[in-house]
Amino acid sequence: MLLPLSAPQSRVCVTGATGYIAGPIIERLLRAGHTVHGTCRDPSNLTALSPLMDLPGASERLRLFKADLMVPGSFDAAVQGCDYVIHVAAPVVLGKVGPGEGRSKIVEPMMRAVDNVLDE
Ligand SMILES: NC(=O)c1ccc[n+]([C@@H]2O[C@H](COP(=O)([O-])OP(=O)(O)OC[C@H]3O[C@@H](n4cnc5c(N)ncnc54)[C@H](OP(=O)(O)O)[C@@H]3O)[C@@H](O)[C@H]2O)c1
């Protein structure tokens, strides 16, 4: 389901809160008055999370949940009660992927991850 720009205040789960793409998404959601459930693998990673926690509205409307794409059931708490899920977390592979490795290193983990996030 698409989140309309003029949506009434909603609860939105954004996976991969520490990531490059997720940050501006979370900022825009908070600025628009929505409540955000952000997921990360390490909630003690203040270097990555402090900029999010300092965003306007974050102290009232941003909750962080520990979740790993490779762990079934890991996202259940984060998506609970959410109207929308914006699934951005991804096992990003830096550097070269060798011939024949794309499926096992990228495609299969991504597919398993989508199952884990949307299985709730
Ligand atoms: N950056 C771009 O310009 C761009 C453009 C088009 C599309 N995209 C796509 O957008 C997606 C995100 O890209 P990005 O640039 O935001 O990547 P990124 O900055 O590397 O962020 C990836 C996020 O995924 C999380 N993550 C990785 N493995 C995980 C796992 N096993 N369990 C839970 N979380 C995990 C990371 O969390 P941790 O903090 O736990 O590592 C991080 O928050 C990718 O699919 C990418 O291909 C990116």
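The values are calculated or read from the model by the stated rules, or taken from the named source; none is laboratory data. Worth saying up front: this structure is predicted, and the values here are computed from it rather than measured. For neighbour counting, all protein chains shown are included, and Cβ atoms are generated from backbone atoms with ideal geometry for every residue, glycine included.
General observations
- Some residue of the range 96-105 being polar (S, T, N, Q) and within 10 Å of the ligand (Cβ to nearest atom): no
- Residues that are within 13 Å of residue 117 (Cβ to Cβ) and surrounded by 13 or more Cβ atoms within 10 Å (Cβ to Cβ) were ranked within the range 39-70; the one that is modelled with the lowest pLDDT is 69.
- Flag for residue 26 being in contact with a strand residue (DSSP E or B) (Cβ under 6 Å, 6 or more places away or on another chain), closer than 23 Å to residue 112 by Cβ, modelled with pLDDT of 95 or more and β-branched (Val, Ile, Thr): no
- All positions within the range 16-43 that are in a helix (DSSP H, G or I), within 15 Å of the ligand (Cβ to nearest atom) and either basic (Lys, Arg) or in contact (Cβ under 8 Å) with a residue 24 or more places away in the chain (or both): 22, 23, 25, 26, 27, 28
- Residues that are at pLDDT 95 or above and not small (Gly, Ala, Ser) within the range 1-19 comprise 11, 12, 13, 14, 15, 18, listed in sequence order.
- One residue stands out in the range 44-61 among those that are of a type outside the set (Lys, Arg), assigned to a helix (DSSP H, G or I) and in contact with a strand residue (DSSP E or B) (Cβ under 9 Å, 6 or more places away or on another chain): the one that is farthest from residue 81 (Cα to Cα), namely 48.
- Of all residues making up the range 71-90, the number that are part of a loop (DSSP other than H, G, I, E, B), surrounded by 15 or more Cβ atoms within 10 Å (Cβ to Cβ) and within 11 Å of the ligand (Cβ to nearest atom): 6
- Boolean, residue 32 is surrounded by 12 or more Cβ atoms within 10 Å (Cβ to Cβ) and under 14 Å from the mean Cα position of the chain (by Cα): no
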